[in-house]
Amino acid sequence: MKHFILINHFILVKHSLIIKYFLVKHFNYICLYRHSNPLRLGACATAMSFIVAGGQGGDSLGGGVTGNNGGPGAQLSGTVPVTPGQTVVLLAGGKGGGGLVSGVTPCGIGYGTGGTARDTGGGGGAGSPLTLNGRLVVVAGGGGGGGRYTALPDTDPQIITFNDLRGGGGGIDGVTAYMALKATPNQHTVTIGGGQGGGSSAAGAGDIVSGSPSLFTNGAAGGGMNGGNGRADLGTSDYNIGSWGGGSGYYGGGSGSVAQKTVGTSTAASGVGGGGGSNYVASGVTTTSSRNAQPGFNTVVFFS
């Protein structure tokens, strides 16, 4: 066994060299990424273990209405053989921006960009890639932005959901929300589709609103590695609800849809989460997967 040489801020441990890139929080949102310079492997390197995580989707704005956290990014771990002279590049994707009172919420940036969000929604998180000698080893997808709804206790129709409204990371769809009248809670008058997660060969679609909404906007599809942008509510009420951006990844997730329903003087509105960006694992590489509820990071350890 041989020891590696300590290089700059890298951390030396016995028989291995750990290199980690990560992000820190900046105010109420993260819209940045961290990119390493190419690292050329020395004569002692024979294997590289890695933990690569995509950025979490941004949280929706809370307050007098109900908000949700952004979907977690995917986290992939594994080990691959390496040879001296190869180069490694790390990139850590950003977390999506947190919801704002109004306007456009920023997205995470990394391997592509997460979708922006509108009117209190969370932006999509960004994917994180690891490359070896110019070849993708893995991409961990970013999470979709979190959803938000408003319905006062005496509101009719009411909002019914079978889960929270955040989008899933790593290619998982955003959760669908439902509206129903109090007298008939099992009869959905409006269905509000969450953004579809990115796939293995195409970006996720923005889902649609069905039923009898008073106002609505369907979600937007992701484009390539980028997440779909959130959509604004078409209404003029004070609810100020928009939909949430999709996460970026190998292919980006679609954004959620948004709808408003008015019956008499009562109004309910809901925007749902975007889908997560998809993962990529190169042929011959074996990984284990989990979730990452923070900004993206990218860690590699070289062994002799």
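The values are calculated or read from the model by the stated rules, or taken from the named source; none is laboratory data. From a predicted model like this one, the values you see are computed outputs, not experimental measurements. Here the Cβ positions follow ideal geometry from the backbone for every residue, glycine too, while neighbour counts run over all protein chains shown.
Brief remarks on what is shown
- Residue list for the stretch 153-185, restricted to those being of a type in the set (D, E, K, R), within 20 Å of residue 277 (Cα to Cα) and at pLDDT 75 or above: 173
- Restricting the stretch 167-214 to residues that are touching a strand residue (DSSP E or B) at 6+ places or on another chain (Cβ under 8 Å) and under 12 Å from residue 247 (Cα atoms), the residue that is surrounded by the most Cβ atoms within 10 Å (Cβ to Cβ) is 169.
- Any hit, the stretch 131-139, residues being modelled with pLDDT under 80 and either touching a Pro at 6+ places or on another chain (Cβ under 9 Å) or outside any strand (DSSP E or B) (or both): no
This table checks each residue for (1) surrounded by 13 or more Cβ atoms within 10 Å (Cβ to Cβ); (2) modelled with pLDDT of 85 or more; (3) part of a strand (DSSP E or B).
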residue: 32; (1), (2), (3): yes, no, no
residue: 37; (1), (2), (3): no, no, no
residue: 44; (1), (2), (3): yes, no, no
residue: 48; (1), (2), (3): yes, yes, yes
residue: 55; (1), (2), (3): yes, yes, no
residue: 62; (1), (2), (3): yes, no, no
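- Look at (1) touching a Lys or Arg at 6+ places or on another chain (Cβ under 8 Å); (2) over 24 Å from residue 57 (Cα atoms); (3) charged (D, E, K, R) and you find that residue 231 fails only one, number (2).
- Here the condition is being at pLDDT 90 or above and within 14 Å of the chain's Cα centre (by Cα); of 246, 194, 254, it holds for 254 alone.
- Residue that is modelled with the highest pLDDT [pool: residues in the stretch 79-97 that are assigned to a loop (DSSP other than H, G, I, E, B) and within 30 Å of residue 108 (Cα to Cα)]: 86
- Any chance residue 103 is at pLDDT below 85, of a type outside the set (Lys, Arg) and surrounded by fewer than 19 Cβ atoms within 10 Å (Cβ to Cβ): yes
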